[in-house]
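The values are calculated or read from the model by the stated rules, or taken from the named source; none is laboratory data. Note that the coordinates shown come from a computational prediction; the quantities given were computed from them, not determined experimentally. Every residue, glycine as well, gets a Cβ built from its backbone with ideal geometry; the counts of neighbours run over all protein chains shown. Ligands, DNA and RNA are stripped out before the accessible areas are found, and what is left, the full protein with its side chains, is counted by its heavy atoms. Shrake-Rupley method; radii C 1.70, N 1.55, O 1.52, S 1.80 Å.
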Amino acid sequence: MAVKLVLVAACALIDTDGRVLIAQRPVDKAMGGLWEFPGGKFEPGERPEEALIRELQEELGITVKEPCLAPFSFASHSYADFHLLMPLFICRRWEGIPTAREHKALKWVWAKELPNYPMPPADIPLIPMLRDLL
């Protein structure tokens, strides 16, 4: 049986102090209450960068320009009913102040603190790479 492939683009926004922005999923959604890197699903015909720019505007109210998105790594994880493929980009420059429009909360954290926040299984392998970068 074919497994449904879900494509999601995510971003590690990094502030001038070197902290990473994480967002808490709404309690009423799948994996509610867990912390994640902001981003979202691709719309038909979108490239990962386009999806991420759109999602960051919708979710956080910030404007990101494509040259400010640096491909960093990706997650490939099988959940019970789908397989997630998620490129993770790094972004250090944007316009506006991130605001929780769709998430329960936002938090700026040091990379070494990321393991203290419960995250979806696909996000967890990205933590050591971010820790090494920062």
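Against the numbered list (1) free of Cβ contacts under 8 Å to residues at least 60 places away in the same chain; (2) buried (at least 16 other Cβ atoms within 10 Å of the Cβ); (3) closer than 19 Å to D132 by Cα; (4) of a type in the set (D, E, K, R), K112 comes up short only at (2).
The number of residues in segment 71-81 being in a strand (DSSP E or B) and open to solvent by less than 50 Å² (accessible area, probe 1.4 Å) comes to 2. Out of M129, M119, one residue alone is within 21 Å of R19 (Cα to Cα), modelled with pLDDT of 95 or more, open to solvent by 20 Å² or more (accessible area, probe 1.4 Å) and in contact with a strand residue (DSSP E or B) (Cβ under 7 Å, 6 or more places away or on another chain). It is M129. Quick check, is P44 free of Cβ contacts under 8 Å to residues at least 12 places away in the same chain, not polar (S, T, N, Q) and not in a loop (DSSP other than H, G, I, E, B)? Spelling it out, it is not the case that P44 is free of Cβ contacts under 8 Å to residues at least 12 places away in the same chain, not polar (S, T, N, Q) and not in a loop (DSSP other than H, G, I, E, B). Before we move on, is L85 touching a residue at least 24 places away in the same chain (Cβ under 8 Å) and part of a strand (DSSP E or B)? Answer is yes for this residue.
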